[in-house]
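The values are calculated or read from the model by the stated rules, or taken from the named source; none is laboratory data. These numbers come from a predicted model, not from an experiment. Neighbour counts are summed over all protein chains in view; Cβ atoms, including those assigned to glycine, are modelled from backbone coordinates with ideal geometry. Just so you know, the surface numbers come from the protein's heavy atoms only, side chains and all, with ligands and any DNA or RNA stripped out. Shrake-Rupley method; radii C 1.70, N 1.55, O 1.52, S 1.80 Å.
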Amino acid sequence: VQLQASGGGLVQAGGSLRLSCIASGFTFSNYAMGWFRQAPGKEREIVAAINRNGDNTYYADSVKGRFTCSRDNAKNTVYLQMNSLIPEDTAVYYCAATNFLSRIYPYIRRVDYWGKGTLVTVSS
């Protein structure tokens, strides 16, 4: 099983980035997916989640209206479009696969597979 995230980098406040996470080694379409982040000195937190067929998405309050999560099951890929970035978005971002998706925050009760992170740095 592998979840390979990419697309992180350095961006100025107000800018945008698009993260991608390519899955392999399991049946991608059978899993809900999520994006988490961990800032320096802070605990890992959920950012966004998406159900198996992509028609339901859930977001942390801190990113609602700025981030959009989507998936392409034909490409085994989940995306996180991040707009209007602020310095507080600086973190390592991780994708994750789960069979335990909830409509209630924090949306993902248990992660089955974690990916390696990609660093997002937002300068002021």
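A compact table of results
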read-out	value
Subset of region 1-31 [open to solvent by 40 Å² or more (accessible area, probe 1.4 Å), within 13 Å of residue 90 (Cα to Cα) and not in a strand (DSSP E or B)]	13, 14, 16
Test: residue in region 56-70 that is charged (D, E, K, R), in contact (Cβ under 8 Å) with a residue 60 or more places away in the chain and closer than 23 Å to residue 10 by Cβ	no
Residue among 47, 111 that is touching a Phe, Trp or Tyr at 6+ places or on another chain (Cβ under 9 Å), among the hydrophobic types (A, V, I, L, M, F, W, C) and either in a loop (DSSP other than H, G, I, E, B) or at pLDDT below 95 (or both)	111
One residue from 34, 54 being surrounded by 15 or more Cβ atoms within 10 Å (Cβ to Cβ), in contact with a strand residue (DSSP E or B) (Cβ under 6 Å, 6 or more places away or on another chain), assigned to a loop (DSSP other than H, G, I, E, B) and at pLDDT 95 or above	54
Those residues of region 37-50 which are among the basic types (Lys, Arg) and either out of contact with any strand residue (DSSP E or B) (no Cβ under 8 Å at 6 or more places or on another chain) or open to solvent by 50 Å² or more (accessible area, probe 1.4 Å) (or both), in sequence order	42, 44
Of all residues making up region 83-108, the number that are within 15 Å of residue 50 (Cβ to Cβ) and assigned to a loop (DSSP other than H, G, I, E, B)	7
Out of 109, 103, sole residue that is open to solvent by 60 Å² or more (accessible area, probe 1.4 Å) and touching a Ser or Thr at 6+ places or on another chain (Cβ under 7 Å)	109
Qualifying residue in region 83-92 (condition: in contact with a Lys or Arg (Cβ under 7 Å, 6 or more places away or on another chain) and open to solvent by less than 50 Å² (accessible area, probe 1.4 Å))	yes
Residue 95 being within 18 Å of residue 9 (Cβ to Cβ) and either without any contact (Cβ under 8 Å) to a residue 40 or more places away in the chain or not hydroxyl-bearing (Ser, Thr, Tyr) (or both)	yes
Sole exception among (1) in contact with a Gly (Cβ under 7 Å, 6 or more places away or on another chain); (2) under 14 Å from residue 21 (Cβ atoms) for residue 84, by number	(2)
